[in-house]
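No lab work stands behind these numbers, since they all come straight from the coordinates. Keep in mind that what you see is a predicted model, and the values were worked out from it rather than measured. Every residue, glycine among them, receives a Cβ derived from its backbone with ideal geometry; neighbour counts consider all protein chains shown.
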Amino acid sequence: MKSEFLTSAASRADWPESALPEIVVVGRSNVGKSSFINAFTNRKNLAYVGNTPGKTRLINFFTIDGCWTLVDVPGYGYAKMSKGQLEKLGKMMDDYFLNRINIAGVIQLVDGRHEPTADDLDMVSFFREMKYPIIVAATKIDKVPKTKRIAAMKKIAQKLQLPLKSICPVSSVEKTGFDKVEELIGEKLEQYKNKAKEESADQN
């Protein structure tokens, strides 16, 4: 997998002019988003990993194999920001999710050790309304005893009202579970391509 940093965007004016489909990684600030991206792309420092959650303030775009774009958006649920900063961040995210036409799917990260939070449920509900295909990656699965992992995944699937097969237990430490994520991304990209073809045929 060849991954390259494309650009960072603070507003719509900074979005890359690209027709490539985009898969967006979302999750709480402390869910291990940067570690997930680095492990998925097999790059040590593609996404910034900080000791303090909530460091990502911009929307970051990375091209993958020249075929699609991985998008890293700011984590949610992080309280140590001023009201003004939070509002600015919210507007930036809303504008992207409501108006970016390239979005082919979303990877929703949840902490594999716990049930999804109210914020996680709100995000999944929003993506469902937007009709964005959802892949769920349950992070930090290495911290869940092996005998309890299936039960943990079932609980997450049930809480999010998603099929168990769309939940991927992953570990950025052990570098496990990413093959399934990649496989599901491939499916979403194929669906996006087919939908684009159908819409193009309808217009003609």
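Brief remarks on what is shown
- Spin-label model distance (nm) - residue 190 vs residue 154, 7 Å beyond Cα toward Cβ: 2.9
- Near residue 168: Cβ cut-off under 10 Å, other residues only, Lys/Arg at +1 and Asp/Glu at -1. The net charge is -1.
- Positive minus negative residues near residue 99 (Lys, Arg vs Asp, Glu; Cβ under 12 Å): +1
- Calculated mean residue ellipticity, 222 nm, the chain: -12000 deg cm²/dmol, from DSSP H runs (n ≥ 4) at -39500 (n - 2.57) each, averaged per residue and rounded to 500.
- Bridgeable lysines around residue 83 (alpha carbons under 22 Å apart, same-chain partners fewer than 8 residues away excluded): 55, 91.
- For residue 67 and residue 143, a Förster radius of 35 Å and the Cβ-Cβ distance give a FRET efficiency of 0.60, rounded to the nearest 0.05.
- Pairs beyond 21 Å (Cα-Cα), from 33/140; 2/131; 146/180; 33/143; 33/175: 2/131
- Fully extending the segment from residue 179 to residue 44, taken as 0.36 nm per residue of separation minus the present Cα-Cα distance, adds 46.8 nm.
- A straight Cα-to-Cα reach below 12 Å connects residue 193 with the aspartates and glutamates 22, residues fewer than 8 places away in its own chain not being considered.
- R0 of 30 Å, Cβ-Cβ distance residue 164-residue 12: FRET efficiency to nearest 0.05: 0.20
- Near residue 103, the amide H atoms lying under 5 Å from its own belong to 22; only residues 5 or more places off or on other chains count, and H is placed 1.01 Å from N.
- Applied to the stretch 145-161, the Karplus parametrisation 6.51 cos²θ - 1.76 cosθ + 1.60 on θ = phi - 60° returns per-residue 3J(HN,Hα) values of x, 4, 6, 10, 5, 5, 4, 5, 5, 5, 5, 5, 4, 5, 5, 8, 6 Hz, with x for Gly and Pro.
- Pairwise label distance in nanometres, residue 100 with residue 198, each label 7 Å out on the Cα-Cβ vector: 2.4
- Potential lengthening of the chain between residue 85 and residue 129 amounts to 13.2 nm, from the contour at 0.36 nm per residue minus the alpha-carbon distance.
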